[in-house]
Amino acid sequence: MKKILTSLALVGFVVAGGAAIAAEEGAQATTAQPTHFPMKELQEMDWSFSGPFGTYDKAQLQRGLQVYKEVCSACHSLDMVAFRTLEGLGYSEAQVKAFAAEYTIHDGPNDDGDMFDRPGKPSDYFPSPFPNEQAAAASNGGAAPPDMSLLAKARGLERGFPQFVFDIFTQYSAGGPDYIHSLITGYGETPPAGLKIPEGTYYNPYFDAGVSLKMPPPISDGQVTYSDGSPETVDQYSKDVAAFLMWAAEPHMEERKKTGFRVLLFLILFGGLVYMTKRKVWSDVAH
């Protein structure tokens with residue numbers, strides 16, 4: 001009987017010890033493998049186009065276009081942006097024609113039924129770097145790079161209470177650019193202890209779909225040469241390309257804000273006139 005009790009006590013000790021170890025490992029796994037992304041809050045930047053009276057910085061947009069052309073366009077398409085719209089960045093018609101001609105457009109069929117290549121025209125759209133999505137995925141480790149035409153509007157993250165209340169009054173709409181800037185500058189940070197990073201991926205605490213992504217750090221300091229003397233750093237590159245992508249997603253934002261302001265001004269004046277007319281018409285009527 002004594003041996004049986006001793007054996008049961010030993011088994012209980014082993015089971016309890018195993019349970020404690022499992023609980024500790026489970027806690028570590030829960031801590032190390034988060035389920036909420038992004039893991040860090042986005043860096044909220046001060047954009048020139050923020051707020052109800054914000055406008056685009058044309059020089060910044062031109063730098064952002066340069067970053068896209070020299071770096072991002074190798075993998076990401078801009079299918080919904082036509083060359084002719086680049087006049088909104090401050091370029092002349094001649095400059096837009098020259099810029100479009102730098103691209104080769106696969107067109108056709110011609111009168112003989114054949115496809116052919118020709119220089120781009122202002123009416124053309126930015127050509128995709130890959131012939132189809134399957135080719136894009138095959139060239140990028142199985143994950144096709146997203147089109148950037150609407151990226152700055154599609155990647156905006158929801159902001160919790162009470163921020164979203166203040167956003168109504170401040171007209172905050174820079175979630176997408178904030179996300180793009182944070183993501184590009186978020187590479188190189190050391191992952192938390194115990195965090196498992198899948199092989200062939202890169203840790204980025206600002207990524208909104210997991211602990212890591214397949215896109216490697218897209219740009220480095222000094223990679224793009226600016227002619228206006230702006231800093232040639234990853235931080236500056238990310239700001240410029242994020243602003244450009246915001247313009248690509250909403251090129252008529254300035255006109256929309258101007259129209260909205262005029263409408264509000266009209267409604268205020270109209271409301272005042274209606275009120276004064278009412279007072280005049282009913283002034284002799286006893287209440």
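The values are calculated or read from the model by the stated rules, or taken from the named source; none is laboratory data. Everything numeric in this text was worked out from a predicted model, so none of it was measured. FYI the Cβ positions are ideal-geometry reconstructions off the backbone, even for glycines, and counts take in every protein chain you see.
A few comments on the model shown:
- The residue of the stretch 99-139 that is nearest to the chain's Cα centre (by Cα), among those that are crowded, with 16+ Cβ neighbours inside 10 Å and over 19 Å from ALA82 (Cβ atoms), is ALA136.
- Restricted to helices (runs of 4 or more DSSP H) entirely inside the stretch 131-243, those with at least 3 residues that are over 30 Å from PHE53 (Cβ atoms) are 133-138.
- Listed conditions (1) under 25 Å from TRP47 (Cα atoms); (2) loosely packed, with under 11 Cβ neighbours inside 10 Å; (3) free of Cβ contacts under 8 Å to residues at least 24 places away in the same chain are all met by PRO231, apart from (2).
- Pairing residues of the stretch 131-145 that are touching a residue at least 40 places away in the same chain (Cβ under 8 Å) and at negative phi with residues that are outside any loop (DSSP other than H, G, I, E, B) and not aliphatic (A, V, I, L, M), at Cβ distances under 9 Å and at least 6 apart in sequence or on separate chains, gives PRO145/CYS72.
- Of all residues making up the stretch 82-98, the number that are closer than 17 Å to HIS252 by Cβ and of a type in the set (Gly, Ala, Ser): 3
- Qualifying residue in the stretch 96-114 (condition: in a helix (DSSP H, G or I), among the charged types (D, E, K, R) and at pLDDT below 95): no
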